[in-house]
1. Report which label in (i) 1.04; (ii) 1.21; (iii) 1.11 holds the value of Cα Rg over 2.2 N^0.38 Å derived from the coordinates of this structure.
2. Please work out how many pairs of lysine residues in the chain are eight or more positions apart (or on different chains) and have Cα atoms closer than 18 angstrom.
3. Ranking request for peptides 82-88, 43-49: highest mean number of other beta-carbon atoms within 10 Å first, then the rest in descending order.
4. In whole Å, what is the distance between the alpha-carbon centres of segment 366-400 and segment 161-208?
5. Filter the chain for me: DSSP H helices, axial length by Cα at least 15 angstrom, mean Kyte-Doolittle hydropathy not below 0.5. List them by residue number.
6. Would you give the gap between the C-alpha center of segment 215-241 and the C-alpha center of segment 290-365, rounded to a whole Å?
7. Expressed as a rounded percentage, what relative contact order does segment 98-199 have, with Cα pairs under 8 Å and six or more residues apart?
8. Within 10 Å of each candidate Cβ there may be at most 13 other Cβ atoms; applying that plus a DSSP loop requirement, which chymotrypsin sites (Phe, Trp or Tyr not before Pro) in segment 288-358 survive?
Amino acid sequence: MSRTWIDFAYLVAAICLIIGIKRLSHPRTARSGNWIAAVGMAIAVGFTFAIKEIDTYWLMLVGIAVGSVIGAVTARMVRMTAIPQMVALFNGVGGGAAALIAAAEFHRLAPASGNLPGEELVGILFSAVVGSVSFWGSLVAFGKLQELIPGRPILFPAHNATNAVLGLILLGAIALTAVTEQGVWLAVLMLGALVLGLSFVLPIGGADMPVVISLLNAFTGLAAASTGFVLDNTALIIGGTLVGASGTLLTLLMGKAMGRPLRQTLFDAFGAVPEGGAAVAAMDGDHTVRTASPDDIAYMLAYARRVVFVPGYGLAVAQAQHDVRNLGDLLEAKGVDVRYAIHPVAGRMPGHMNVLLAEANVPYDELFEMDEINPEFPQTDVVVVVGANDVVNPAARSQPGNPIYGMPILDVDRAQHVVVIKRSLSPGFAGVDNPLFYDPKTVMLFDDAKAALEKLVASLKAV
């Protein structure tokens with residue numbers, strides 16, 4: 001098959017990827033968007049077999065078989081709460097693959113030519129460095145989210161200065177590799193990049209891992225695009241560029257949603273402060289916690305005009321999305337206006353709550369983003385917070401110096417009444433106390449989210 005037809009197929013695949021990414025932006029179209037992107041990737045892989053220079057088809061087939069089995073099994077087995085970990089792991093594998101391809105191409109081309117063309121050498125070095133950083137950084141992010149290593153920032157003396165020095169060493173290794181074209185310097189370069197990936201992510205707190213994963217995803221995309229230039233593969237160039245661009249935009253949007261510039265997330269060890277004064281400051285004032293029984297809360301809900309549910313990570317962990325839908329249906333049957341408030345970074349990744357509620361068939365028109373629902377809270381009778389913490393913490397508005405100060409939140413404290421379903425008073429990922437729990441209008445229902453909602457449903461049926 002001529003290269004023209006192969007490039008045309010790659011163009012079709014790229015269009016499918018673009019359409020798929022676009023459709024992933026809304027729950028109604030996300031499923032079809034995923035399928036369209038998958039078809040595009042299948043086209044790209046299929047037409048790669050038509051490249052005449054390839055003579056190791058059996059190795060490609062083995063790789064596809066192994067990758068397909070691992071991908072299908074893990075995708076079916078992983079729980080929704082562990083999706084961010086899986087994204088981090090798969091992202092790391094992509095970065096590692098780009099780095100290994102760069103190393104293989106270097107050892108294939110350098111001895112043969114003795115003087116690599118500049119464009120190929122630049123592509124190889126870029127993929128080796130960025131892919132290695134993304135690989136090890138993603139593994140650290142996976143470890144933090146999976147709680148294999150502490151989620152809090154792991155600091156070492158002068159970590160920013162150390163990373164800067166390590167970056168200069170990498171620049172030196174890049175120069176030596178380019179000048180000598182010796183494999184030993186490429187090995188040193190990749191090893192140094194692995195260390196940089198480790199030291200770069202360790203000082204970042206678990207609450208910021210979704211932002212870091214998104215950034216590392218952009219790194220992997222750029223490494224893949226660079227590998228595409230090395231291999232002269234149009235599909236890799238376009239696909240990697242799309243991933244790099246979308247990952248960068250998502251990183252910036254998530255930083256904005258959390259009210260912190262990217263610089264602060266990456267270099268200021270967010271999450272290390274609370275053991276000092278910020279968490280204590282949140283505790284000033286009345287520390288009285290008011291609790292209520294499921295029966296009391298059921299009566300409060302039954303006679304409300306509007307009820308807003310705020311889902312969080314606790315709902316995801318308990319797999320209670322169907323139970324909150326059942327409770328909402330019962331309230332609607334009694335004439336209550338039911339809505340669901342979605343914070344951009346609730347859970348562990350953007351869209352986490354949207355996916356959970358869509359799985360429970362919650363109507364899309366009942367889902368309200370933060371900017372839409374915040375003006376409605378003063379006219380809301382009852383807000384039910386299910387497993388959320390930092391995204392409803394009023395300290396983000398009122399306590400300068402608090403680690404989450406400036407982060408946009410759901411203004412649930414402005415509703416008439418607030419019900420918080422939570423296992424305990426433990427802080428969220430940010431590690432700071434939540435004054436909402438001690439607000440006179442707040443009542444706590446200490447229980448697992450699923451068990452608490454089941455009790456509320458039973459109590460509401462008896463009202």
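The values are calculated or read from the model by the stated rules, or taken from the named source; none is laboratory data. Only a predicted model underlies this, so the values are computations on that prediction, with no experimental measurement involved. Using ideal geometry, Cβ is built from the backbone for each residue, glycine included, and neighbour counts are taken over all protein chains shown. These accessible areas exclude ligands, DNA and RNA; they are computed on the full protein's heavy atoms, side chains included. Shrake-Rupley method; radii C 1.70, N 1.55, O 1.52, S 1.80 Å.
1. Label (iii) holds the value from this structure.
2. Number of lysine pairs found: 6.
3. 82-88, 43-49
4. Going from one Cα centre to the other spans 42 Å.
5. Result, helices passing both filters: 3-23, 27-48, 57-77, 83-113, 118-145, 159-180, 183-201, 209-231, 234-257, 449-462.
6. First find each Cα centre; the distance between them is then 41 Å.
7. For segment 98-199, the relative contact order is 39 percent.
8. Sites meeting the loop and neighbour criteria: 303.
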